[in-house]
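Engineer: What follows is a structure written as structure tokens; I'll ask about it next.
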Amino acid sequence: MVMLEATDAQIKKALISITIEEVLLEMGKPVLDAFTKKLYKNYNSYLPDCYDHPEYLSQILKEMYGGSSRTMIFEIMDRLKEFSDQKPIENFIKIICN
């Protein structure tokens with residue numbers, strides 16, 4: 001049996017993807033569905049792609065929810081704060097805050 005090990009980047013990508021999904025799901029399944037649809041339509045991307053392109057996340061949330069998007073972004077940041085000492089997570093947080 002071959003054991004596959006995830007890289008650090010893959011783990012961080014999964015962490016961010018799951019965090020985004022959880023926050024959007026708490027707003028309701030239609031919110032998550034609308035976000036993922038728009039993410040694919042605008043950028044031909046999926047949730048895990050937000051790790052490499054956090055600007056997609058913030059841009060779509062702003063388009064969909066205007067000023068209310070800050071609440072979702074702050075919730076995502078709050079859930080990631082314990083990992084914010086890691087450079088890729090820190091960079092992700094900085095980009096979604098802008």
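None of the figures in this text is laboratory data; all of them are computed from the coordinates on show. Fair warning: this is a prediction, and the values are worked out from it, not measured in the lab. Please note: Cβ atoms are built from the backbone with ideal geometry, for glycine as well, and neighbour counts cover all protein chains shown.
Engineer: Starting from residues that are of a type outside the set (Val, Ile, Thr) and touching a residue at least 24 places away in the same chain (Cβ under 8 Å), keep the ones in segment 67-90 and report whichever is surrounded by the most Cβ atoms within 10 Å (Cβ to Cβ).
Structural biologist: Ranking the candidates gives Met72 first.
Engineer: In this structure, is Glu55 loosely packed, with under 15 Cβ neighbours inside 10 Å, touching a helix residue (DSSP H, G or I) at 6+ places or on another chain (Cβ under 8 Å), farther than 16 Å from Asn91 by Cα and in contact (Cβ under 8 Å) with a residue 40 or more places away in the chain?
Structural biologist: Spelling it out, it is not the case that Glu55 is loosely packed, with under 15 Cβ neighbours inside 10 Å, touching a helix residue (DSSP H, G or I) at 6+ places or on another chain (Cβ under 8 Å), farther than 16 Å from Asn91 by Cα and in contact (Cβ under 8 Å) with a residue 40 or more places away in the chain.
Engineer: Output yes when any residue across segment 39-51 is surrounded by 13 or more Cβ atoms within 10 Å (Cβ to Cβ), among the aliphatic types (A, V, I, L, M) and in contact (Cβ under 8 Å) with a residue 12 or more places away in the chain, and no when none is.
Structural biologist: Yes: segment 39-51 contains one or more residues that are surrounded by 13 or more Cβ atoms within 10 Å (Cβ to Cβ), among the aliphatic types (A, V, I, L, M) and in contact (Cβ under 8 Å) with a residue 12 or more places away in the chain.
Engineer: Please go through segment 4-35 and pick out each residue that is more than 21 Å from Phe74 (Cβ to Cβ) and buried (at least 17 other Cβ atoms within 10 Å of the Cβ).
Structural biologist: Lys13
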